[in-house]
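Here is the structure we will look at.
None of the figures in this text is laboratory data; all of them are computed from the coordinates on show. Since the model is a prediction, treat every value here as computed from it, not as a measurement. Cβ sites come from the backbone with ideal geometry, for glycine too, and all protein chains shown count toward neighbours.
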Amino acid sequence: MSGESRFRFDRATDALRTLFRLAVELVRFRPDVCHVNTPYGWAFLRDGLAVWMASLAGAKTTIHPRGGDFPEFVEGARGPLRRFVEATLRRADVCIALTRPNERLMGEIAGDDHVRYVPNFIQLRDLGPLPDRAARGDAPVNVLFVGWMLEAKGVRELLEAARALPEARFTLIGAEDPEFLASVSGDLTELAGHVKRILPRPREEVLALYGEADIFVLPTWREGFPNVVLEAMGAGLPVVATPVGAIPEAVRDGEEGFLVPVQDAAALTEALRRLIDDRELRLAMGRRSRERAENVFSIDTVTAQLESVYRSLIA
């Protein structure tokens with residue numbers, strides 16, 4: 001993360017405007033709690049200053065890094081930036097961790113009693129009613145991938161799996177990296193009979209694809225807390241993914257799907273084959289996915305957790 005974030009003067013100017021507006025609102029509203037989301041990188045300077053300003057104005061503060069690679073960012077920060085990050089985490093009344101690795105790191109810096117784990121969430125109603133997948137009979141199994149067409153998303157391994165599983169139908173939707181796409185164009189042409197490549201579509205059309213699918217796959221090499229996995233679970237799909245980032249916090253291996261090693265096309269193929277060949281297993285894992293999405297990752301569940309954090313600050 002830190003290697004991808006670059007200081008820019010135009011963003012610095014925008015940050016100063018944002019902090020000025022924050023100062024005005026702190027004086028105007030005198031809030032009890034100020035919740036600061038941060039994408040970190042250089043933005044942490046702005047967002048950390050927001051925490052300090054709100055705290056000095058008398059508000060209780062939370063800081064909420066919105067990514068799964070926050071530990072990598074902190075590890076890569078050097079000198080004054082590292083000291084500022086750590087001081088800000090200690091200054092905040094509560095550090096909200098999106099993932100368990102984030103939680104552990106924040107606990108080491110600020111103390112476990114200042115950290116709360118709150119995962120990503122989805123709005124289940126956006127996914128519409130669940131389809132009756134059991135009624136699809138002997139129709140070909142549809143496997144869905146949603147994400148960037150990139151080497152690091154495991155697309156090459158997915159195409160290898162698709163080559164070994166011609167009885168299934170594969171749909172890949174998402175933005176493309178032209179250089180990578182050129183490197184797999186021959187594979188896409190060869191597999192065109194059962195692999196469909198779709199360019200980005202409006203969100204409602206992407207959500208509809210979950211309803212048409214039977215399995216969701218994301219063989220990514222690295223990840224934060226991907227909402228596409230939560231959306232697939234909310235749509236009642238079994239998930240085949242890699243155990244990176246916060247994916248293992250969402251998908252329990254053997255329960256809601258299968259977790260396979262990174263860059264292991266053979267393991268990916270085998271996991272997909274098990275679900276393609278066993279309809280009852282596929283449906284059972286899909287039901288558990290939906291249940292877990294409702295009980296752990298629905299917007300109602302997560303907002304209740306956030307409300308509990310806020311109430312604890314003003315009790």
Contact order relative to length for the stretch 125-296, counting C-alpha pairs under 8 Å separated by 6 or more residues, stands in percent at 24
Candidates D126, D278, D300; GNM for the chain (alpha-carbon contacts under 10 Å) flags as most fluctuating D278
So the angle from the long Cα axis of helix 265-277 to the longest Cα principal axis of the chain, reported in degrees to the nearest 10, equals 70
The chain: antiparallel bridges as % of DSSP beta bridges, rounded to 5, reads 0
Helix 155-164: inclination vs the chain longest Cα principal axis, degrees, rounded to 10, gives 20
The stretch 24-96 -> Rg/Rh from Cα coords, Kirkwood Rh, value 0.98
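Counting pairwise Cα distances across the stretch 32-151, what percent come out greater than 25 angstrom? Write down the numbers at each step before the final one.
Details: 2782 of 7140 pairs.
Of all Cα-Cα distances in the stretch 32-151, 39 percent exceed 25 Å.
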Both in Å, the radius of gyration and Dmax of the C-alpha trace of the chain are 21.7, 65
Extension length gain for D126 and E307 (0.36 nm per residue less Cα distance), in nm, is 62.9 nm
To the nearest 0.05, the calculated FRET efficiency linking L56 and W221 through their beta-carbon distance, R0 being 45 Å, is 0.60
Restricting to Cα pairs under 8 Å and 6 or more apart, the percent relative contact order of the stretch 202-315 works out to 24
For the stretch 125-296, the convex hull over Cα atoms projects on average to an area in nm² of 8.8
Taking Cα atoms, the helix 203-212 axis meets the longest principal axis of the chain at an angle in degrees (rounded to 10) of 40
Residue-normalised 222 nm signal for the chain, counting each DSSP H run of n ≥ 4 as -39,500 (n - 2.57), nearest 500 deg cm²/dmol, is -14500 deg cm²/dmol
Residues meeting the amide H criterion for G245 (H placed from the backbone, H to H distance under 5 Å, 5 or more places apart or on another chain) are E223
Computed ³J(HN,Hα) along the stretch 186-194: with the Karplus parameters 6.51/-1.76/1.60, θ = phi - 60°, integer Hz and x for glycine or proline, the list is x, 5, 4, 5, 4, 9, 4, x, 9
The distance between the Cα centres of the stretch 78-106 and the stretch 166-233, in whole Å, is 35
